[in-house]
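The values are calculated or read from the model by the stated rules, or taken from the named source; none is laboratory data. Note that the structure is predicted; figures quoted are calculated from it, not measured. Every residue, glycine as well, gets a Cβ built from its backbone with ideal geometry; the counts of neighbours run over all protein chains shown.
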Amino acid sequence: MSNPLYRYLQRHWQRLRPGTACTLCGIWLPPGLALCEGCESELPWLGSHCQCCALPLPVDGLVCGGCLAEPPAFDQVLAPWRYAFPVDSLINGFKHRDRGSHGRLAGALLARHLQHLFDEGQPRPELLLPVPLSPQRLRQRGFNQAALLTGWLAKPLHLPVNAKLLQRVQEQHSQQGLTASERRRNLKQAFALLDDAELAGRHVALVDDVLTTGATADSLARLLKRAGVRRVDVYCLARTPPPSE
């Protein structure tokens, strides 16, 4: 009969090893990012996309028809992934199932993606601004996922955050299921600036989890541009594909 201690170690060796399990496949990893190389390589990376709104396109380096017809107020959207499996599961787990580990993992990967872009010459913002939630939605959910994500970006990127500058002052109907034009109408006069005294000439970045039609980002960017902001970028985890996909 084998030694009881040996049997115990066989059953629990993973728990006793330093490290963590891959969030997606469960393979044991050394201390560090909780995602193995195999799973990371298979994430739905954005690939070719619109140079303005990041809409997935068949050819890179172009601007989509929507941005050409109605240029948005924001300058550029930066996102590493398409909104598809398993990124959609990570985001939904973070937002709706209170799985903070999923959000922290996604935030760490986004920070690494943005730092790579900065190293390649992408302009760095002077300030990060989370997209605000209405007080009612904040009470229902218990947290603002954009504010948490902004905090997870700020430290590794060495960027300041102002989580109170943008306010949602009107409760709107849910944006889910609405067309782009319906979303824009739904957002009229939904936001306000708490204080715009120090925004003139600055470069800021809005932070959110997913960009769908871009209506929310456009509404906030217009508000910021009216306050004198020079450039507004949008940082998000994922961009939804075209409606036809």
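For the condition surrounded by 22 or more Cβ atoms within 10 Å (Cβ to Cβ) and either at pLDDT 95 or above or assigned to a loop (DSSP other than H, G, I, E, B) (or both), L178 does not qualify. Has region 128-135 got any residue that is assigned to a loop (DSSP other than H, G, I, E, B) and closer than 23 Å to P242 by Cβ? There is at least one residue in region 128-135 that is assigned to a loop (DSSP other than H, G, I, E, B) and closer than 23 Å to P242 by Cβ.
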